[in-house]
Protein chains: 2
Amino acid sequence: MVQFVHPARDDITLAGVLAALADPVRLQIVRGLLTEPACMSCTAAAPCPDIPKSTLSNHFRVLREAGLIHTTKKGVEHRNTVREADLNARFPGLLKAILKHADE
Amino acid sequence: MVQFVHPARDDITLAGVLAALADPVRLQIVRGLLTEPACMSCTAAAPCPDIPKSTLSNHFRVLREAGLIHTTKKGVEHRNTVREADLNARFPGLLKAILKHADE
């Protein structure tokens, strides 16, 4: 059984969030997840189809462990959502301010 | 003669800025520099006096190479300023949004 590590809201740190977003692929993943109303599988949230599955999996792990996304297992798929409420409670306005510049 | 590497404004990247700020000490350095109207020496901008000089020097290099600060040599001192105009031109509102949360 796969166990996902999700930090508690209060354990989400600014340095951790910035480090997790300090990568163009991870920025695009988070931006993609936010535009989608439902949760998304890792494959669907990938910014481009050429990324090896192991690389993609690592990106999702980094985002999850920094508190940016929440992952659940549904059948064989991992479903992801951005922890918007937690992030906005911890660092109001931060995620929006960063993602605004993510398409450059 | 020491040569400082400063990226051109257009070469400053979002991922680079986030990576440089993804460290509590570097966040405090930038915050300290911004509260000071004049430029500051590396020692004066250090968030606490216990940090070894080589560690501090590395933090300043990371900030400089990401385009966050500008360093000049004055006598034996390195004088630093935050590249506020460049950063606000590239990513309006970003620096302020991040530093707002830097004291947590």
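Whenever you get a sec, compute what percent of the accessible area on chain A sits on carbon and sulfur atoms (1.4 Å probe).
54
Using only the Cα atoms of chain B, construct the convex hull and provide its projected area averaged over every direction, in square nanometres to one decimal.
Hull-based average projected area comes out at 6.5 nm².
Once you charge only the Cβ atoms, +1 for Lys and Arg and -1 for Asp and Glu, what is the size of the charge dipole of chain B about its Cα centre, to the nearest 20 debye?
200
Give the cross-link partners of B:K100 among the lysines, using a straight C-alpha distance below 30 Å as the criterion and excluding same-chain residues fewer than 8 apart.
A:K96, A:K100, B:K53, B:K73
Quick check of the Kirkwood formula: for the range A:4-61, what is the inverse mean of 1/r over all pairs of different Cα atoms, in Å?
It works out to 12.4 Å.
In deg cm²/dmol and to the nearest 500, what is the mean residue ellipticity at 222 nm of the protein assembly as shown if only DSSP H runs of at least 4 residues count, each as -39500 (n - 2.57), divided by the residue total? Can you show the working numbers first?
Details: 12 runs with 100 residues, N = 208.
Using -39500 (n - 2.57) per qualifying helix, the result is -13000 deg cm²/dmol.
Can you give the mean number of other chain Cβ atoms that lie within 10 Å of the Cβ atoms in peptide A:25-33?
Neighbouring Cβ atoms belonging to other protein chains average 1 per residue here.
If one takes the accessible area of chain A alone plus chain B alone and subtracts that of the pair, with a 1.4 Å probe, what total in Å², rounded to the nearest 100, results?
1400
Distances from B:S41 to the same position in the other copies: list them in nm, one decimal, shortest first, using label points 7 Å from Cα along Cα→Cβ.
6.1
Give me the tail of P(r) for the range B:38-95 as a percent: Cα-Cα pairs with distance above 19 Å. Walk me through the numbers before you get to the answer.
On the way: 515 of 1653 pairs.
The proportion of pairs with Cα distances above 19 Å equals 31 percent.
For chain B, modelled as a GNM with alpha-carbon contacts under 10 angstrom, which of B:I69, B:I29, B:I12 fluctuates the most?
Of B:I69, B:I29, B:I12, the Gaussian network model singles out B:I12 as fluctuating most.
Pop out a list of residues from the range A:80-104 that are at least 30 Å² less accessible with all the protein chains around than in their chain alone; 1.4 Å probe, no ligands or nucleic acids counted.
A:F91, A:P92, A:L94, A:A97, A:I98, A:H101, A:E104
Which residue in chain B puts its Cβ closest to the axis that rotates chain B onto chain A, and at what distance in whole Å?
Spelled out, residue of B and its Cβ distance from the axis onto A: B:A97, 2.
On average over all directions, what projected area in square nanometres does the protein assembly as shown have, based on the convex hull of its Cα atoms?
13.4
Please state the relative contact order of the range A:11-101 as a whole percent: Cα pairs under 8 Å, 6+ residues apart?
Computed over the range A:11-101, the figure is 31 percent.
Picking from A:D23, A:D11, A:D50, which is most flexible by a Gaussian network model of chain A using Cα springs under 10 Å?
It is A:D50.
Where only protein heavy atoms count, and the probe is 1.4 Å, what is the accessible area per residue for the protein assembly as shown in Å²?
Values: 11030 Å² over 208 residues.
Averaged over the residues of the protein assembly as shown, the accessible area is 53 Å².
The values are calculated or read from the model by the stated rules, or taken from the named source; none is laboratory data. Everything numeric here is computed off the predicted structure, so don't read it as measured data. Ideal geometry is used to build each Cβ from the backbone, glycine not excepted, and the neighbour counts take in all protein chains shown. Surface areas here come from the heavy atoms of the whole protein model, side chains and all, with no ligands, DNA or RNA. Shrake-Rupley method; radii C 1.70, N 1.55, O 1.52, S 1.80 Å.
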